[in-house]
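All remarks here apply to the structure that follows.
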Amino acid sequence: MDILSCVSAVLAIVVLIVGTILKGANPMALLSPAAFVIVIIGTTSSVMMQMPMKSFIHGFKLGKWIFKPPRQNGPELIAKIVEWSNAARKQGLLALEASVETETDHFIKKGLQMLVDGAEPEVIRGTLEVDLSVSEHHDLAGAKVFEAFGIYAPTLGIIGAVMGLMAVMANLADPTKLGHGIAAAFVATIYGIGSANMFFLPMAAKLKSVIGDQTRVREMVIEGLIGISQGDNPRNIEVRLQGYLH
């Protein structure tokens, strides 16, 4: 669980509520069905127009990574690779068959299987790099869903404010409705700018960071498997892979 992301989400909500109170307004004024429909639903429709269905759905699936990113234990993975390297040097590549059966990570499992099958190092590297590139591109497309929300939300917020002011202008003959109408109009702006800068854009940036970390770990795996395939000394493989942890 990413504690920082959880604290950030709670703090963002607290800031909005406490800030509203400190400004002398009623926090309940932030609850506006009209603003929600215009900004949130409107932004969603814009993002759906921009993104392919596959990327749109994948983006929401990746949303859980913001609060619970994939476990990336670099030192533990290096230890496993060194263990595989020792086994391969002592007993041959076929000794890794048992590891193929127990490995749960699809990417690592594919690389190990290629090792056992006796694939050439350049073939292993080329195949795994293609898989890595495609996976990274797909995940980044998912992260861009939240980035798109952050881009469109402020504009929809302004549209909501303008629509609210139009309603106010239509009631100029009744001064008692002006104050409430103007306040309600600007709630849409808060929804748009607040959601973009406190949620959507930071969420997109966090996802890109998580994807980058995952890519770096997989690059480390490729390097380790190539070292095993070439028969490199396990100690040399370990030292080389340590560089990815910095």
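The values are calculated or read from the model by the stated rules, or taken from the named source; none is laboratory data. Please read all numbers here as calculations on a predicted model, not as lab measurements. With ideal geometry, Cβ positions are generated from the backbone for all residues, glycine too; neighbour counts draw on all protein chains shown.
Here are some notes:
- Contacts under 6 angstrom Cβ, first residue in the stretch 1-29 being over 25 Å from Ser209 (Cα atoms), partner among the hydroxyl-bearing types (Ser, Thr, Tyr), 6 or more apart: Pro27/Thr20
- Helices (runs of 4 or more DSSP H) completely within the stretch 22-121 that count 3 or more residues being of a type in the set (Ser, Thr, Tyr): 42-50
- All positions within the stretch 145-177 that are farther than 30 Å from Gln50 by Cβ and either assigned to a helix (DSSP H, G or I) or at pLDDT 90 or above (or both): Val168, Met169, Pro175, Thr176, Lys177
- Selection of the stretch 47-61 for residues being among the basic types (Lys, Arg) and more than 16 Å from Ala204 (Cβ to Cβ) yields only Lys54.
- Any chance Arg240 is surrounded by 15 or more Cβ atoms within 10 Å (Cβ to Cβ), among the basic types (Lys, Arg) and without any contact (Cβ under 8 Å) to a residue 40 or more places away in the chain: yes
- Of all residues in the stretch 177-227 being more than 16 Å from Ser133 (Cβ to Cβ) and among the polar types (S, T, N, Q), the one that is farthest from the chain's Cα centre (by Cα): Thr189
- Some residue of the stretch 228-237 being of a type in the set (Gly, Ala, Ser) and surrounded by 16 or more Cβ atoms within 10 Å (Cβ to Cβ): yes
- The set of residues in the stretch 1-18 that are over 12 Å from Gly194 (Cβ atoms) and either touching a Ser or Thr at 6+ places or on another chain (Cβ under 6 Å) or among the hydrophobic types (A, V, I, L, M, F, W, C) (or both) comprises Met1, Ile3, Leu4, Cys6, Val7, Ala9, Val10, Leu11, Val14, Val18.
- Residues (closer than 18 Å to Ser195 by Cβ and either exposed (fewer than 12 other Cβ atoms within 10 Å of the Cβ) or among the small types (Gly, Ala, Ser) (or both)) located in the stretch 19-28: Gly19
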